[in-house]
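First the structure, in the form of structure tokens, and then the observations on it.
Laboratory data are not the source of any read-out in this text; all were calculated from the coordinates shown. Nothing here was measured: the structure is a model prediction, and the numbers come from that model. FYI the Cβ positions are ideal-geometry reconstructions off the backbone, even for glycines, and counts take in every protein chain you see.
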Amino acid sequence: MATGECNCGAVAFEVTTKVSDVFICHCSICQRSTGGNGKIVVVVNNTDFQWLRGKELVNTWHKPEHDWQTSFCQTCGSALPGINDEARMYIPAGLITGGGDNLKVAHHIWVDSKATWDEISDKGKQHQQAFEP
Ligand SMILES: [Zn+2]
Ligand SMILES: [Zn+2]
């Protein structure tokens with residue numbers, strides 16, 4: 001069980017399963033999207049996720065000619081949960097304000113593309129490109 005909300009509080013959600021594994025995508029698209037070292041998320045099944053409020057304020061941008069997309073609050077611009085694949089949602093880890101005590105970086109992906117200043121110092125498994133289980 002975990003909960004979270006955006007900076008302005010208009011959008012909130014809950015997850016009805018335990019969250020633990022954090023994924024960091026270091027690709028250049030995620031770097032530009034966040035203005036940081038990449039996108040930092042947990043992934044849950046669609047059936048374990050629900051919006052509590054503000055779903056109508058969720059904006060989504062698809063990068064043309066990519067399968068990459070990002071969701072954000074229409075009011076405050078905070079990153080928001082979005083579609084990972086048909087069966088799963090991703091949730092930006094920094095949004096989780098309750099139930100995140102067991103979160104731990106488990107995987108780094110697209111390490112080949114990371115920023116020159118981005119030093120990976122945790123024990124997460126490093127994948128040079130896409131995630132491979
Ligand atoms: Zn907001
Ligand atoms: Zn990425």
Multiplying the sequence separation of HIS62 and GLN74 by 0.36 nm and subtracting their Cα-Cα distance, what value in nm do you get? 2.8 nm
Percentage relative contact order, the chain, counting C-alpha pairs under 8 Å, at least six apart: 30
Hey, got the Cα dimensions of the chain along the principal axes, in Å, largest first? 38, 33, 27
Quick note on HIS66, HIS26, HIS107, ordering by fewest other C-beta atoms within 10 Å, gives HIS66, HIS107, HIS26
What distance in nm separates the two pseudo spin-label positions at LYS125 and THR16, each 7 Å out from Cα along the beta-carbon direction? 2.9
For the chain, the dipole about the Cα centre with charges only on Cβ (Lys and Arg +1, Asp and Glu -1), to the nearest 20 debye, works out at 180
Residue order, fewest to most surrounding Cβ atoms within 10 angstrom, among LEU52, LEU57: LEU52, LEU57
Mean ellipticity per residue at 222 nm, deg cm²/dmol - from DSSP H runs of n ≥ 4 across the chain, formula -39500 (n - 2.57): -1500 deg cm²/dmol
Cα to Cα, under 30 Å, and not fewer than 8 places away if on the same chain: which lysines meet these conditions relative to LYS114? LYS18, LYS39, LYS63, LYS104, LYS123, LYS125
Projected onto the charge dipole of region 1-97 (+1 at Lys/Arg Cβ, -1 at Asp/Glu Cβ, origin at the Cα centre), which of ASN59, VAL22, THR97 gives the Cα projection farthest towards the positive end? THR97
What full-extension length gain, to one decimal in nm, is calculated for LEU103 and THR116 as 0.36 nm per residue of separation minus the Cα-Cα distance? 2.1 nm
